[in-house]
Structure formats: structure tokens, C-alpha cells
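Peer 1: I am attaching a structure below and will ask some questions about it afterwards.
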Amino acid sequence: MAAGLMLVFLPLGTYVNSDDRSWAALSGRLFPDFLVQFVFSTGITYLWIGMAEWIQKYLRRFLGDYMLRAGVLWPNLLAAFLFFVVSMGGVVLLLRVSNHLFYHALEMRYPVRDIAHASRAIYGQFATLSLSIYILIANRHIVDYMEEVKLKTEQLEKENLLSQFSALKSQINPHFLFNSLSILSSLVKKNPDLSEQFIDRLSRAYRYILEQRDTEVVPLGIELEFLKSYTFLLQTRFEHKFEVNVILDNKTVETGMIPPLTLQILVENAVKHNSMSEKKPLLICLEREDDMLITRNTYNPRGEEVHSTGVGLKNIINRYALLTDKPVWVGEREDEFVVKVPIL
């Protein structure tokens with residue numbers, strides 16, 4: 001930055017401080033005049049940049065984020081004034097030393113006749129350079145701070161989403177266990193021998209829940225395998241009264257992703273809210289339509305009021321909202337109840 005600024009300001013200084021601007025006159029000043037000016041000016045600018053960085057650092061340390069709030073100018077104005085006074089004091093001292101060295105001790109010819117005008121131009125040039133440096137450094141600190149705030153905000157949003165997702169998943173585990181134990185309770189009374197097999201399948205299903213407790217999405221194929229175990233649990237209770245048909249191609253099953261336990265909730269929701277019998281079984285179908293996984297079931301709502309914990313579809317909608325911008329669609333179509341969830 002120091003060298004780059006000098007490449008901009010030195011040509012201006014040369015134009016102001018030269019009566020003879022011919023190539024012959026200017027080439028005669030390349031060494032030591034222009035070279036020494038470039039080296040010394042770059043060194044000065046480098047020191048100024050370091051000082052501006054130091055001021056910004058300690059302003060942040062003592063004032064914190066207060067100095068970067070909208071409308072708060074006095075800390076930077078005061079710091080800029082202090083920086084300007086110190087830097088220009090150094091310039092005045094350095095110019096007097098260099099003038100004495102070059103034009104008195106070494107008796108070099110001064111490039112302009114109007115020395116007073118040239119001195120004012122040089123001071124004006126360095127004053128502009130000084131303020132430019134401070135503005136550049138202050139602006140860089142503000143940009144860095146904004147980037148830091150952006151990263152922190154994104155991190156907090158991510159942590160918040162993960163926290164919400166974990167909370168939603170934690171609703172499912174006791175919900176699933178509660179309903180499964182209700183099925184087991186009725187099964188023990190009807191068929192004690194079958195209840196042992198039911199408990200084995202229940203343990204497999206709940207093992208899946210525990211294994212997926214820290215995951216946001218699972219392969220659709222794995223979810224379908226779990227659905228088979230869950231369907232067995234339901235069919236043990238409602239034998240010949242409902243059926244689940246999966247109409248999905250192999251590519252969808254192998255590559256599709258879905259939040260864990262989504263299909264279990266959809267099937268459970270259909271069973272809970274619809275009446276079923278051997279003559280009029282509940283038919284549930286899973287199929288794909290574009291990028292959506294469709295679950296549709298025959299719509300035959302129960303006449304009596306159904307007790308609900310309120311987890312079900314709302315949980316699916318909330319979990320998908322944390323994972324994708326694609327919405328979950330819920331509604332009725334002819335004599336069917338349909339839920340469409342995005343395939344991730």
C-alpha cells in the first residue's frame with residue numbers, strides 16, 4: 001500500500017516541484033533525487049500506515065463496537081486529527097532535514113525558483129496523503145468488522161437452526177414411543193404370543209430412531225426400510241385393515257434424501273385420522289412427482305374426535321422449513337388426503 005500510494009503521489013510532486021519538465025531535465029533527477037524521494041516517502045507512508053493501524057486497534061480495544069455504530073463520528077474524527085498532527089509534524093521535520101542535506105550540505109540545485117510555493121504544495125500533498133491513509137485504514141477496519149459481524153451472524157443463525165432442528169426431532173422420539181406402547185398395550189390383551197415378536201420389531205425401530213437422532217437427513221432407502229418395520233407394528237394391530245404401497249423407482253430410492261421419521265409420521269397420521277375396516281381398508285401410497293415425494297391415502301375421517309399431541313404434520317413442515325426453501329404441501333384431492341414433501 002505504501003509503495004502504491006507513492007506511485008500515485010510522486011508524479012504529482014514532480015509536476016509541482018519542477019520548473020523544467022523536459023525529459024532531459026527529469027531524467028537527470030532520477031538519481032539521487034527521485035530515488036531518494038521514493039524510498040524516503042515510501043518509508044514515511046509505511047510508518048503512517050502502521051500508526052493508523054495502531055490507532056484503530058486501540059480505539060476498538062477501549063471503545064469496542066461503539067466507534068462503529070451509525071452516527072458515531074467523534075472517535076474517528078479525534079483520532080484522525082491526532083494522526084494528522086503527528087504525521088505532519090514528522091513531515092515538516094523530515095523535509096527540513098532533507099532540504100538541508102540535499103540543497104545545502106550537498107549543494108544540489110533546487111528544481112524550482114519559487115521555493116515558498118513549492119513548499120506549500122509539498123505540505124498540501126503530504127497532508128492529502130496523510131488523510132487518505134487514515135481513511136483507507138479506517139475503512140478497511142470497518143469492512144473487516146462488517147465481515148466479522150456477518151460471519152458471526154451466519155454462525156449464530158446456523159447454531160439456531162441446528163438447535164431448532166434438534167428440538168423438533170426430540171419431539172418425535174417420545175411421540176413415537178408413546179404411540180408404539182399404546183399399540184403394544186392393546187396387543188398384549190389380544191395376542192400375548194405375538195406381542196413378543198412385536199417387541200422385537202419395536203426395539204429395531206427404536207434403535208433406528210436413536211441412530212438417527214443427530215442426523216438432519218437420511219437416504220430415502222434407509223427410511224423405507226424403517227417404514228417396513230413400523231408398518232409391521234401397525235399391521236399387527238390393524239391386520240387386513242390397511243395397506244402401504246411404495247411406487248418409487250430405484251434411482252429415487254438410492255439417491256433421494258429425507259428428514260428421518262418423515263414417512264413414519266405421515267403413515268401414522270393417516271392411520272390416526274381415518275377409519276378402516278377389512279371391507280374398506282385404508283390405502284396409503286408413496287410415489288414421486290417431479291422433485292416431490294407424495295404420500296396419499298384414502299380419505300375417510302373418523303366420526304369421533306381423535307386425540308392428537310399436535311406433533312405430526314406441523315413437525316414435518318417445521319423441519320423442512322429449516323432445511324429447504326421448498327414448501328410442504330398438504331391438502332385434499334378428490335377422495336384422497338395428500339401430503340407432498342420435497343426430495344432433498
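Peer 1: Run down the lysines and flag those whose C-alpha is under 19 Å from the C-alpha of K150, throwing out any fewer than 8 positions away in its chain.
Peer 2: K158
Peer 1: Please arrange F226, F62 by counting, for each residue, the other beta carbons lying within 10 Å of its beta carbon, fewest first.
Peer 2: F62, F226
Peer 1: Quick check: the distance between the Cα centres of the range 258-276 and the range 197-219, to the nearest angstrom?
Peer 2: The distance from the Cα centre of the range 258-276 to that of the range 197-219 comes to 16 Å.
Peer 1: Based on the Cβ-Cβ distance from S203 to K314, what FRET efficiency comes out when R0 is 25 Å, to the nearest 0.05?
Peer 2: Working: r = 28 Å, r/R0 = 1.12.
The pair S203/K314 has a calculated efficiency of 0.35.
Peer 1: Further question: Ranked highest first by average number of other Cβ atoms within 10 Å, how do 187-193, 204-210 line up?
Peer 2: Order by mean packing, descending: 204-210, 187-193.
Peer 1: Using mean Cβ contacts within 10 Å as the protection proxy, how do 87-100, 257-270 order, highest first?
Peer 2: Listed from highest to lowest mean packing, they are 257-270, 87-100.
Peer 1: To the nearest 0.05, how large is the calculated FRET efficiency for D290 and E147 if R₀ is 45 Å and r is the Cβ-Cβ distance?
Peer 2: Using R0 = 45 Å, I get an efficiency of 0.70.
Peer 1: Hey, can you grab everything whose amide H is under 5 Å from the amide H of N300? Only 5+ residues off in sequence or another chain; H modelled, so Pro and N-termini drop out.
Peer 2: Under 5 Å from the amide H of N300: S275.
Rule-based calculations on the coordinates, nothing more; no lab input. Remember, predicted model here, so these are calculated numbers, not experimental data. Here Cβ is always computed from backbone atoms with ideal geometry, including for glycine, and neighbour counts include all displayed protein chains.
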